[in-house]
Amino acid sequence: MAQGISDESLFGQYCAGATELLEVLINRYRQELYAFLARFLGDEILAQDVFQETFLQVHLSKHTFQQGRAFRPWLFAVAANKARDAMRVRSRKRTVSLDASPSGDQTDVAGSFVELIASDELAPVAKLSRAESASAVRRVIADMPDHLRQVLLLAYFQQLPYKDIAEIVDIPLGTVKSRLHSALARFATLWSKRASSSIGYDQPRSVELEGESE
């Protein structure tokens, strides 16, 4: 029944008293939002908790949602804040699991990123199997600073436009672009260091980077 109805309309109706529509929104974002949290936190169980906390906060903050605002970036902003809170509490070493996507096609996500980074601008990529490449990507991203890792995940894995990332991270649009550039540069450096310890390189093949449009 709710198919074809915008997120904003559903949330507006929910705020007006149609409480059953929150479950519709939860189901719409169950895979996408959980995948982002699992990759960012590197912990599937913690991601489930933060997912629930996110929608609890959505419920508690429903009266602060501004009419005319896009729901999706607001939801991801709430989730990102909850994730950062969870990371501050967590004492163990942070890791990023790019296998955590609930879509079932986990290695394709990391594999696509391996293809994305295999450009003329980056160091040669070792002859690794698909699974080994995905694992290497996860380890490299895990070593990146949180602020760079976040924009990288939002831009290339969640495929969010720059303007939405700016709203989620609460930084200017120009900062998103410069931070993403820094994230790719940092990834290239870390990947080069990791690749230099392997043997049997191929020359990098040219791959068009499909970044987000403004």
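No value in this document is a laboratory result; all are computed from the given coordinates. No experiment lies behind these values; they were computed from the predicted model shown. Backbone-built Cβ (ideal geometry, glycine too); neighbour counts: all protein chains shown.
Of F157, F11, the sequence from fewest to most neighbouring Cβ atoms within 10 angstrom is F157, F11. Going from the fewest other Cβ atoms within 10 Å to the most, the residues K163, K82 appear in the order K163, K82. Per residue, the average separation of C-alpha pairs within less than 8 Å and at least 6 apart gives the range 7-89 a relative contact order of 34 percent. Residue order for D170, D7, fewest other beta carbons within 10 angstrom first, comes to D170, D7. Projected label points at M87 and Q3, each 7 Å from Cα along the beta carbon direction, are separated by 3.7 nanometres.
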